[in-house]
Structures are given as C-alpha cells and as structure tokens.
Amino acid sequence: MRKKALKALAVTKWDAKPYFPTVSDCHLWTSIINYLLFGGLVPKYRKVTVKRMNESWGHCIGVTGTRGQRYCRLEIADRFPSFASFYSILLHELVHASEWTQKGQMSHGNFFLSHRELAAKVGVKLRIAYR
Ligand SMILES: [Zn+2]
C-alpha cells in the first residue's frame, strides 16, 4: 500500500496549471508527506499562514515552547505555478521541520541532503534554491 501511494503521488512536472493552496491543503499534504517520509513523526505545524510571497515560496519557522518542546510554524506562498511545485516546497519545508524537532537547527547541510533519495521516491527533486 505504501509503495502504491508513493507511486501515485510522484510528481514530475514543475510547470502546469497554477495552484492556489489553502491552509487545510497545507495541513493535508504535509500530513501525507510526513507519513510517507517520516512515518508521521514530525509534529504538526502549530500554525500555517498562506500569504503573498515575493522572495521565496515558503518558510519553516522553528519555535521552542516554554517546556523546551520544539515545533514549527509554516509560512507559504498563496500561488504556485503548479501543484507539483507546491508539493515540492511542502516537502522541502517538512525536512526543515524534521531537523528542527530532532536537532534544534535548520540547514541545507548533511541532514537536509540525506533526504534526497526519499524525496525522489515521491517524485520530488530536493533542491536548496527554487527562485
Ligand atoms: Zn530550505
């Protein structure tokens, strides 16, 4: 079943029909990617903000709670060139959220890059820069 899901969700085309995500789209697809890549272990985003962004497609913001628990907020663009690009960015940001909750840092270093193979399984070429 997991293999089938991986295959069905593979995305390859970056440019297609524009896609305008909602907050619930972000939660839904993040939870699917979380399940496929991380066995559902990355804590849910406490807050997702969909907004006009000019410089980037998304930001994952690491937060440390009063009892030391780590979680993230997500800010994401309100318009994407395609669903595939939205999905690719959500995956990218979730890798950051995973590093933040496990290690208390975010980078495009070894932890990030070690997810390239997993990302490729769901059709996403994990990149550092998109614009
Ligand atoms: Zn990044």
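Can I get the semi-axes of region 43-120's equivalent ellipsoid? Compute them from the C-alpha gyration tensor as square roots of 5 times the eigenvalues, in angstrom, largest first. All intermediate terms of the calculation are to be shown ahead of the outcome.
Details: eigenvalues 89, 59, 17 Å².
Its equivalent ellipsoid spans semi-axes of 21, 17, 9 Å.
Tell me, what is the per residue accessible area of the chain in Å², probe radius 1.4 Å?
So the chain comes to 58 Å² accessible per residue, rounded to a whole number.
Please go through the residue pairs Lys44/Lys103; Lys17/Lys51; Lys47/Lys125 and name each one whose alpha carbons sit more than 23 Å apart in this structure.
From Lys44/Lys103; Lys17/Lys51; Lys47/Lys125, over 23 Å: Lys47/Lys125.
Work out, step by step, the length gained on full extension between Arg46 and Val63: first 0.36 nm times the residue separation, then minus their alpha carbon distance; give nm to one decimal.
Details: separation 17, 0.36 × 17 = 6.12 nm, distance 0.95 nm.
Length gained between Arg46 and Val63: 5.2 nm.
Kirkwood hydrodynamic radius, the chain, all distinct C-alpha pairs: what's the number in Å? List each step's numbers first, then the result.
Details: mean 1/r = 0.0673 Å⁻¹.
For the chain, inverting the mean 1/r across all distinct Cα pairs yields 14.9 Å.
Using a 1.4 Å probe on the protein heavy atoms only, what accessible surface does Leu41 show? Give it in Å² to the nearest 10.
The accessible area of Leu41 comes to roughly 150 Å².
Would you give the gap between the C-alpha center of region 34-55 and the C-alpha center of region 100-131, rounded to a whole Å?
One Cα centre to the other: 13 Å.
At 1.4 Å probe size, what's the solvent-accessible area of Val48? Round to the nearest 10 Å².
20 Å²
For the ranges 80-88, 104-112, what's the packing order if you count other beta-carbon atoms within 10 Å of each residue, average per peptide, and put the highest first?
Highest-to-lowest ranking by the protection proxy: 80-88, 104-112.
Residue by residue, what Karplus-based ³J(HN,Hα) values in Hz, rounded to whole numbers, does region 55-66 have, using 6.51, -1.76 and 1.60 with θ = phi - 60° and x for Gly and Pro?
The phi angles translate into 8, 8, 9, x, 9, 9, 10, x, 10, 10, x, 5 Hz.
The values are calculated or read from the model by the stated rules, or taken from the named source; none is laboratory data. On a predicted model such as this, the values are computed, not experimentally measured, just so you know. Neighbour counts are summed over all protein chains in view; Cβ atoms, including those assigned to glycine, are modelled from backbone coordinates with ideal geometry. Ligands, DNA and RNA are excluded from the accessible area calculation, which covers all protein heavy atoms including side chains. Shrake-Rupley method; radii C 1.70, N 1.55, O 1.52, S 1.80 Å.
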